[in-house]
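Report on the structure given below.
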Amino acid sequence: MIRLAVRCQPEQAELVLAELTVLAPGGVEEVAGDGYVEYAIYGAEGELPDLGEEEAVTIAGGTVEVEATEVADDWADRWRSFHKPLLVGDPKSGPAVWIRPPWEPEREDLAEVVVDPGQAFGTGAHPTTRLCIEALIEIAGRGGPFGALSDLGCGSGVLAIAAGKLGWQPLEGCDHEVAAVAAARENAEVNGVEAKFERIDLKAGLPRLAPTTVANLTAPLLEAVAAGLAPDNLPETLICSGLLTSEYDRVRAAFEPHGLVETGRGAMGDWGSLTFARELA
């Protein structure tokens, strides 16, 4: 079995993941490092693209590092051992979310999200997903407001599902990838959460936004969302991630003209999040 690893800069991550998903629709392994993101796909010899002896190739218009290595026959078991449950929040002081793969034990005392890491659209382990969940937990810990929630760039649906377990309802999400929408629908069903997911190209226009909106997108896409806002389509609370900490100012500047004021920010390595509240007239 061959493991093909691709290491890229955080700002390249979304495009690189999209390219690799085409090569390995069964799943992409993700490792977030200090200043980089590594994706890996697995396959038998001859199943993966032949990159020869190259140590750097062009994917999605950017240069990335690549490394192909042989893995042991028990790679599937090792792969399972790599994916551990994730606790977001402190159950001793407030709400907390327990994200686990299907083979790990339940935690009935926590808001639990079950997601198969074999899917290529997010398991909740990425720093940007965790930052969004932390922001939701902070709101839930204050007693709300809850109500309807929109998840822009839903991926596997982890954020919407976590929000549902924390108390938000109804739930809607969208993504430009058809396969991501299908994965989100499947995950919602597995977790017993009612949610509506649909394919939408955010660059072409926004759906109707719920009072609480979560947008885990790159900074350019967040700016596109801001450009599409209208006085009759503004969230009351907006949680943004997918941006780098160096991009705080540009993202804040995109939303402030719409009366959305920064009320909090988070950071995990190079990744950041911003929370906004709508100013009342």
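The values are calculated or read from the model by the stated rules, or taken from the named source; none is laboratory data. The structure presented is a predicted model; accordingly, all values stated were derived computationally and were not measured. Note that each Cβ is placed from the backbone with ideal geometry, even for glycine, and that neighbours are counted across all protein chains shown.
Side notes on the structure shown:
Residue-by-condition table, conditions (1) among the acidic types (Asp, Glu); (2) in contact with a strand residue (DSSP E or B) (Cβ under 6 Å, 6 or more places away or on another chain):
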| residue | (1), (2) |
| --- | --- |
| 140 | no, no |
| 144 | no, no |
| 148 | no, no |
| 151 | yes, yes |
| 159 | no, yes |
| 183 | no, no |
| 187 | no, no |
| 195 | no, yes |
| 203 | no, no |
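- Residue 214 being within 28 Å of residue 112 (Cα to Cα) and either at pLDDT 95 or above or over 14 Å from the mean Cα position of the chain (by Cα) (or both): yes
- Subset of the range 88-138 (residues that are among the small types (Gly, Ala, Ser) and either touching a strand residue (DSSP E or B) at 6+ places or on another chain (Cβ under 8 Å) or closer than 22 Å to residue 274 by Cβ (or both)): 89, 94, 96, 111, 122, 124, 125, 135
- Residues located in the range 171-180, provided they are free of Cβ contacts under 8 Å to residues at least 40 places away in the same chain and outside any helix (DSSP H, G or I): 171, 172, 173, 174, 176
- Some residue of the range 181-194 being basic (Lys, Arg), part of a strand (DSSP E or B) and either surrounded by fewer than 20 Cβ atoms within 10 Å (Cβ to Cβ) or touching a residue at least 12 places away in the same chain (Cβ under 8 Å) (or both): no
- Hits in the range 90-149 - residues which are in contact with an Asp or Glu (Cβ under 8 Å, 6 or more places away or on another chain), part of a loop (DSSP other than H, G, I, E, B) and of a type in the set (Asp, Glu): 106
- For beta carbons closer than 8 Å, sequence separation of 6+ or different chains, a first residue in the range 234-245 that is not assigned by TED's automatic domain parsing to the domain that holds residue 147 and a second that is of a type in the set (D, E, K, R) and modelled with pLDDT under 95, there are no qualifying pairs.
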